[in-house]
1. Going through segment 60-117 one residue at a time, which ones are among the β-branched types (Val, Ile, Thr), within 21 Å of residue 12 (Cβ to Cβ) and free of Cβ contacts under 8 Å to residues at least 24 places away in the same chain?
2. Restrict the check to segment 12-21 and report whether at least one residue is at pLDDT 95 or above, out of contact with any Asp or Glu (no Cβ under 9 Å at 6 or more places or on another chain) and in a loop (DSSP other than H, G, I, E, B).
3. I'm trying to understand the selection: among the residues of segment 1-25, which are loosely packed, with under 13 Cβ neighbours inside 10 Å and of a type in the set (A, V, I, L, M)?
4. Are any residues in segment 1-58 within 17 Å of residue 75 (Cβ to Cβ) and polar (S, T, N, Q), and if so, which ones?
Amino acid sequence: MTEIRSYRDLEVWRLGMRLAASVYRLAVKFPISERYGLVSQIQRSAMSIPSNIAEGHERDSTRDFLRFLSISQGSLAEFETQLILATELDLATQVDVEPVLGMSAELGRMLNGLQAKLRQRLAPVSPASGP
């Protein structure tokens, strides 16, 4: 198991970065008229996910990290909603969006798992029961 020294060592951050990069590549296929509308919103919410993971990791406490992971999850839901809207408006095709939504679902599972692990770390340890 790799030692985590930096947010860059976190697989969840790496996947968040891949998702954000995929969104920027997908965005060039959107109509120019959406550059400052939905495209900007989708890019901003996608970029927010790994940014908040990184910022939270660099904070001083597990509680802060959990809070920023929660913000990342909110950004993930916002991003998915915007991407689904883009397909509803025929700004993006289902073929282009499906792999990105698959990556997004995996990222959501990873965020949930990391949060659960961190919550366990914060849970008070109960004294062992005697015989």
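1. Hits for segment 60-117 are 71, 81.
2. No, the conditions are met nowhere in segment 12-21.
3. Result: 1, 4.
4. Answer for segment 1-58, where residues must be within 17 Å of residue 75 (Cβ to Cβ) and polar (S, T, N, Q): 22, 40, 41, 43, 45, 48, 51, 52.
The values are calculated or read from the model by the stated rules, or taken from the named source; none is laboratory data. Keep in mind that what you see is a predicted model, and the values were worked out from it rather than measured. Neighbour counts are summed over all protein chains in view; Cβ atoms, including those assigned to glycine, are modelled from backbone coordinates with ideal geometry.
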